[in-house]
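To start, the structure itself, in structure tokens.
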Amino acid sequence: MEYPMDADPRTREVADENFMRQLRQTFEQLPNDIPIYMFTQKGMDDVFAQTNRQIVRAFRELTPKVTFKEFDLDHELAQKWNVDRSPTLLIAPERISIRWLGAPLGEEGRTFLETLIMVGLGQSNLSEQSLKVINKIDAPRNIKVFVSATCPYCPQQAVNAVKAAIEKSNLISLEIIDIQCEPELADQYSAHSVPQTFANDVLIAQGAQTEEVFALSLLKLAPETIFIPESDAELVESDLVIIGGGPAGLTAGIYAVRSGLKTAIIEREALGGQVATTPIVENYPGFTQVGGKTLVDIMVSHALQYVQIFPGEAVIDVVPGNPITVTTNRRKFQTKTVLLATGARHKHLGVPGESRLAGRGISYCSTCDGPLFKGKKVVMIGGGNSAVTEALHLHHIGCDVILIHRRDNLRAQDFLTKQLFKTNIPVLWNTEIKEIRGKERVEEILIVNNQTNETSTLKVVGVFVAIGYEPAVELATKLGVELTADGYIKRDAKHRTNIPGVYSAGDVEGGYKQIVTASGQGAEAAMTIFEDLINPYWLQKQN
């Protein structure tokens, strides 16, 4: 559990006590024991092995259902279960095949906790739609999910794989691989961004997927991007459906429910949007400086006190009408209004080699992937706040980073610029990337000085990109929502679009792209929706 840096110590203590009490009660109700085995190289006692002992000890203090035994790699049990890497955790290996290469640090602590609970229950908790897909698998699947402790998207994908391994233990085995503990294995699979998922050594996913899309990818042994639910999907009725779980969507959910509206938030990826992967957020009201993920946790915890959130669900279709029908990969919603808070996604460079080497040295998230490049030469592309913040983050975790910017001055705030120069991070001014080269992974980049037209190559193993964002307007376009000349949603002063009952808020509208701005827009939109449901403006136009 994370708290703001200036939280009252007593508040932390009480919250921790409540959390631990809830965990004890949960484990007491589990019908099955949870045996954990750790295998280590004789004479080696690294930080991952030490961490595993501490983590398992903490769970053993909560419940006697968790047991722990440790063996050397030359033990007969290591041979029985084909364990050859140190450290490796096996969880209930007599019943299921789930192993952890490394330790469940940071974000992966969530995965470990969910795994223990599902193993103790003996149930996968897969959705009905996912079960129908998984039950079609009739041949072995060995899953490898590459993760890092700093990746907020990794738990979603790792838990998908855990559920599959528990549900079909006779055919599905799983390895969760920490890229910091197993960099050679990550290199072998060219898994230089996380999460990446392989099944039978075939790449089936780059990034986190919804549960149903993961199941489909596992069945077909190929990357899938969409899942169409069968017609008997669950129906949920509401006053407002918010599509997007970033600052705008979460804030809108709080204000809508406080106004008396039955509200649902749908988010296909990690809650918090871009904030979840921002290393440091500065000057958000109440915090001089706070980790992006910490701020997201605070926002989500607050929102959950009011609004029902449907994480890991992708909206497939929105059909206008009275009511409006929203279809996800898992259920259908019938709602009076819809708020599009779909945010924005990272822009790509659009140069040769970028798509081919994506995830193989090219990254759009230094928080997720930076640890794999410790001690290695990388470049950060961009000149705004995000690029400078992430360059500083890469520098502080031990990467040899160079900033490349196409202009002769940075667009970042003065404070960040001074920090950059203070750390002596080299900057290549007036420089653009023309090509990213490498056979299996990034090896070098071709750059050009846009003032002299002089070209040169630079040997690097990582290319991090932070050149801005483009709005996620696919659903808006499908609905017939009008866009601005810049491609953002066009709306009036009260966040109404041209489609009756459809509203927008946050980065999808353009503007300053600040967390506080998005939150404010979410609140404004929610209050407008409340007023409009009392007195629909579209009916006034008809009269």
Cα coordinate range in the stretch 31-220, projected on the principal axes (Å, largest first): 44, 40, 31
Footprinting exposure proxy for Ser124, Ser301, Ser386 (fewest neighbouring C-beta atoms within 10 Å first): Ser301, Ser124, Ser386
Cα-based reach from Lys418 at 25 Å (exclusive), listing lysines while leaving out same-chain residues under 8 positions away: Lys293, Lys374, Lys376, Lys377, Lys513
Average silhouette area of the stretch 362-465, convex hull of alpha-carbon atoms, in square nanometres: 6.1 nm²
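Pairs to check: Lys332/Lys478; Lys65/Lys168; Lys136/Lys478. Give those whose C-alpha atoms are more than 27 Å from each other in this structure.
Table pairs above 27 Å Cα-Cα are Lys136/Lys478.
For Tyr537, Tyr37, what's the fewest-to-most ordering of other Cβ within 10 Å of each Cβ? Before the final figure, lay out the partial values.
Values: Tyr537 14, Tyr37 22.
Ascending Cβ contact count within 10 Å gives the list Tyr537, Tyr37.
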Helical segments meeting 27 Å axial Cα length and Kyte-Doolittle -1.0 threshold in the chain (DSSP H): 515-534
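Among Phe146, Phe27, which comes first, then next, by fewest other beta-carbon atoms within 10 Å?
Working: Phe146 29, Phe27 18.
Ascending number of Cβ neighbours within 10 Å: Phe27, Phe146.
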Unmatched cysteines, the chain - criterion: no other Cβ of a Cys under 4.7 angstrom: Cys181, Cys399
Extreme residue, positive dipole direction of the chain, given options Ala314, Ala344, Leu171 (C-beta unit charges): Ala344
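Assign unit charges at the C-beta atoms only (+1 for Lys and Arg, -1 for Asp and Glu), then state the dipole size of the stretch 252-377 relative to its Cα centre in Debye, rounded to the nearest 20. Could you put the intermediate results ahead of the total?
Numbers: 15 positive and 8 negative charges, 51 e Å.
The dipole of the stretch 252-377 has a size of about 240 debye.
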Label-reachable residues, the stretch 330-368, where backbone N falls under 18 Å from a point 7 Å from Asn498's Cα toward its Cβ: 340
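Looking only at the chain, where both bridge partners belong to it, what percent of the DSSP beta bridges are antiparallel (to the nearest 5)? It would help to have the intermediate numbers written out before the result.
Numbers: 43 of 95 bridges.
If I count the DSSP bridges inside the chain, around 45 percent turn out antiparallel.
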Distance between the stretch 212-290 and the stretch 411-473 - C-alpha centres, whole angstrom: 31 Å
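Mind pulling the per residue volume of the convex hull built on the Cα atoms of the chain? Å³ is fine. Provide the component values of the computation, followed by the final result.
Numbers: hull volume 89.4 nm³, N = 543.
So the per-residue hull volume is 165 Å³.
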Positive minus negative residues near Phe373 (Lys, Arg vs Asp, Glu; Cβ under 13 Å): +1
Separation between Cα centres of the stretch 480-501 and the stretch 329-374, rounded to whole Å: 23 Å
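Give, as a single signed number, the net charge of other residues whose beta carbon lies under 15 Å from the beta carbon of Pro352, with Lys and Arg counted +1 and Asp and Glu -1. Before the final figure, lay out the partial values.
Working: positive: Arg356, Arg360, Lys434, Arg437, Lys439; negative: Glu354, Glu432, Glu435, Glu443, Glu444.
Net charge around Pro352: 0.
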Net +/- balance of residues flanking Tyr255 in space, Cβ distance below 15 Å, scoring K and R +1, D and E -1: -1
Charge dipole (debye, nearest 20) of the chain; +1 at Cβ of Lys and Arg, -1 at Cβ of Asp and Glu: 400 debye
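How do 340-349, 72-81, 447-456 rank on mean C-beta neighbours within 10 Å, highest first? Intermediate results must be reported in sequence, preceding the final value.
Working: 340-349: 21.9, 72-81: 13.6, 447-456: 12.1.
The peptides rank, most packed first, as 340-349, 72-81, 447-456.
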Residue among Leu131, Thr67, Pro195 farthest towards the positive dipole end of the stretch 31-220, charges placed on Cβ: Leu131
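Taken together, the values in this text are just the output of simple stated rules run on the coordinates, not laboratory data. Small disclaimer: the values here were computed from a predicted structure and weren't measured. Cβ coordinates were reconstructed from backbone atoms using ideal geometry, including for glycine residues, and neighbour counts include every protein chain displayed.
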